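Chemist: Here's a structure for you.
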Amino acid sequence: MPQAVTQTDSVSRVYAKSLFELADEAGQLDVIAGQVDSLGDLLGESPELRNLLENPAVSSQTRADTISRVFGSRADELLVKFLLVLNAKDRLAALHGITAAFGHLMDERSGRLPVEVTFANPPSEEELGRVRDQVSASTGKQAQLTVQIDPDIIGGVRLRIGDQLIDATVAARLRRLQHQLSTAGRQHARSA
């Protein structure tokens with residue numbers, strides 16, 4: 001079930017790709033990737049910083065000063081300049097999405113494939129290995145699993161790989177069976 005791509009997602013990907021290409025050309029991809037990852041963590045852990053950077057009520061100059069003060073001596077000059085460009089173009093609200101999109105680009109480059117896998121109960125290492133091996137074999141990429149637990153699925157497994165959802169849960173099978181029975185019942189009632 002593909003999700004609609006929002007304008008923010010599109011903007012995030014465009015900026016992430018620009019930073020990715022600049023870092024790659026400068027031979028600094030690994031350094032910038034680590035710093036972008038840390039930046040994403042920092043934004044997730046510090047709602048105050050995220051609000052300061054993303055709030056349109058905060059002046060552009062205040063945001064630029066904050067970027068220079070917080071990141072100037074800690075981050076690579078390329079990343080600091082990138083953040084200042086985002087600020088100048090009023091795109092800091094997309095920063096969290098940019099860090100995520102940059103991570104996806106790094107995963108693609110290294111042949112890793114992020115996969116969200118949902119189980120009804122905590123899986124064993126054997127189950128995780130089996131899912132990882134099957135996804136890796138079918139995609140040709142190294143599956144990186146993020147496990148979620150949802151007792152409502154009853155059993156089976158649900159995979160989200162990018163925009164693709166593979167729902168092999170008992171709950172999904174029951175919904176399909178209910179739909180089939182309902183459809184068959186209506187058809188039977190019409191023909192009687």
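The values are calculated or read from the model by the stated rules, or taken from the named source; none is laboratory data. Just so we're clear, the structure is a prediction, and the values are computed from it rather than from any experiment. Cβ placement follows ideal geometry from the backbone for every residue including glycine, while neighbour counts extend to all protein chains displayed. Please note that ligands, DNA and RNA were not included when accessible areas were found on the heavy atoms of the full protein model with its side chains. Shrake-Rupley method; radii C 1.70, N 1.55, O 1.52, S 1.80 Å.
Chemist: Looking at A88, A101, which is the one that is open to solvent by 40 Å² or more (accessible area, probe 1.4 Å) and either small (G, A, S) or on the phi > 0 side of the Ramachandran plot (or both)?
Modeler: After applying the criteria, what remains is A88.
Chemist: I'm checking my understanding of the structure. Among residues of segment 1-29 that are acidic (D, E) and modelled with pLDDT of 95 or more, which one is most open to solvent (accessible area, probe 1.4 Å)?
Modeler: So the residue we want is E25.
Chemist: What residue, of R63, R74, is closer than 24 Å to K17 by Cα, part of a loop (DSSP other than H, G, I, E, B) and more than 20 Å from the chain's Cα centre (by Cα)?
Modeler: R74
Chemist: Among the residues that make up segment 108-120, is at least one of them touching a residue at least 40 places away in the same chain (Cβ under 8 Å), farther than 21 Å from G40 by Cα, of a type outside the set (V, I, T) and open to solvent by 60 Å² or more (accessible area, probe 1.4 Å)?
Modeler: no
Chemist: Same structure, new question: So D76 fits all but one of (1) in contact with a strand residue (DSSP E or B) (Cβ under 6 Å, 6 or more places away or on another chain); (2) surrounded by 13 or more Cβ atoms within 10 Å (Cβ to Cβ); what number is the exception?
Modeler: D76 satisfies all of (1) in contact with a strand residue (DSSP E or B) (Cβ under 6 Å, 6 or more places away or on another chain); (2) surrounded by 13 or more Cβ atoms within 10 Å (Cβ to Cβ) except (1).
Chemist: Please pick out the residue among Q144, Q134 that is in a strand (DSSP E or B), open to solvent by 30 Å² or more (accessible area, probe 1.4 Å) and of a type in the set (S, T, N, Q).
Modeler: Sole residue among the options that is in a strand (DSSP E or B), open to solvent by 30 Å² or more (accessible area, probe 1.4 Å) and of a type in the set (S, T, N, Q): Q144.
Chemist: Oh, and also: If we scan segment 121-129, do we find a residue that is part of a helix (DSSP H, G or I), under 22 Å from V11 (Cβ atoms) and out of contact with any Ser or Thr (no Cβ under 7 Å at 6 or more places or on another chain)?
Modeler: no
Chemist: Could you give every pair whose Cβ atoms fall below 8 Å, whose first residue belongs to segment 38-54 and is farther than 19 Å from F102 by Cβ and surrounded by 14 or more Cβ atoms within 10 Å (Cβ to Cβ), and whose second residue is polar (S, T, N, Q) and modelled with pLDDT of 90 or more, counting only separations of at least 6 or pairs across chains?
Modeler: Note: pairs meeting the criteria are L52/T62; L52/T66.
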